[in-house]
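Here the structure comes first, spelled out in structure tokens, and everything after it is commentary.
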Amino acid sequence: MAWPVLVLSALFEAVWATALGRSDGLTVPVPTVVFAAALVVSMAGLGWALKTIPVGTAYAVWTGLGAALTVGYAMATGAEAVSVWKLVFIAGIVGSVAGLKLLKPGPAGSRGRSPSSPPPSGR
């Protein structure tokens, strides 16, 4: 259940980023309220997903999908120019996120260490 929540949180990240851009420095009321509400939902979902998904993976997925959705929406609405290279690089982000989901988690004790690294000394 953590992965669907994380993806939904990324969607809300795109919502708050878009609303922030339309809020004119938090001076336009409706986009400012949308920004604040979507920010709370997005952060809450990310926090909940972190109970199960490692922080590095979750954050990469959250920011990657959020960024891809934000620029995709901007291009779809004409707020940003569409180009083949943008589409290629956005596809790269989405492919990388999918790759993180497909990876098998390693042993809990191996976080942050390469297989050849000695175990921590405990000091």
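The values are calculated or read from the model by the stated rules, or taken from the named source; none is laboratory data. Just so we're clear, the structure is a prediction, and the values are computed from it rather than from any experiment. All Cβ positions, even for glycine, are placed from backbone atoms using ideal geometry, and neighbour counts span all protein chains on display.
Structure values in brief
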read-out	value
Test: residue in region 31-49 that is assigned to a loop (DSSP other than H, G, I, E, B) and either free of Cβ contacts under 8 Å to residues at least 40 places away in the same chain or touching an Asp or Glu at 6+ places or on another chain (Cβ under 8 Å) (or both)	no
Candidates A17, A67, A37, A44 - the one that is closer than 18 Å to G99 by Cα and touching a helix residue (DSSP H, G or I) at 6+ places or on another chain (Cβ under 9 Å)	A67
Inter-residue pairs, beta-carbon under 8 Å, first under 20 Å from V15 (Cβ atoms) and in region 65-89, second polar (S, T, N, Q), 6+ apart	G66/S42; T70/T18; Y73/T18; A74/T18
Qualifying position, being surrounded by 11 or more Cβ atoms within 10 Å (Cβ to Cβ), closer than 22 Å to W16 by Cβ, out of contact with any strand residue (DSSP E or B) (no Cβ under 6 Å at 6 or more places or on another chain) and at pLDDT below 90, among V61, V97, V71	V97
Among (1) surrounded by fewer than 14 Cβ atoms within 10 Å (Cβ to Cβ); (2) in a helix (DSSP H, G or I); (3) among the small types (G, A, S); (4) modelled with pLDDT of 95 or more, the one test that G109 misses	(4)
Test: residue in region 56-69 that is more than 19 Å from G92 (Cβ to Cβ), assigned to a helix (DSSP H, G or I) and among the hydrophobic types (A, V, I, L, M, F, W, C)	yes
Subset of region 1-53 that is of a type in the set (D, E, K, R) and surrounded by 13 or more Cβ atoms within 10 Å (Cβ to Cβ) - its residue that is nearest to A68 (Cα to Cα)	E13
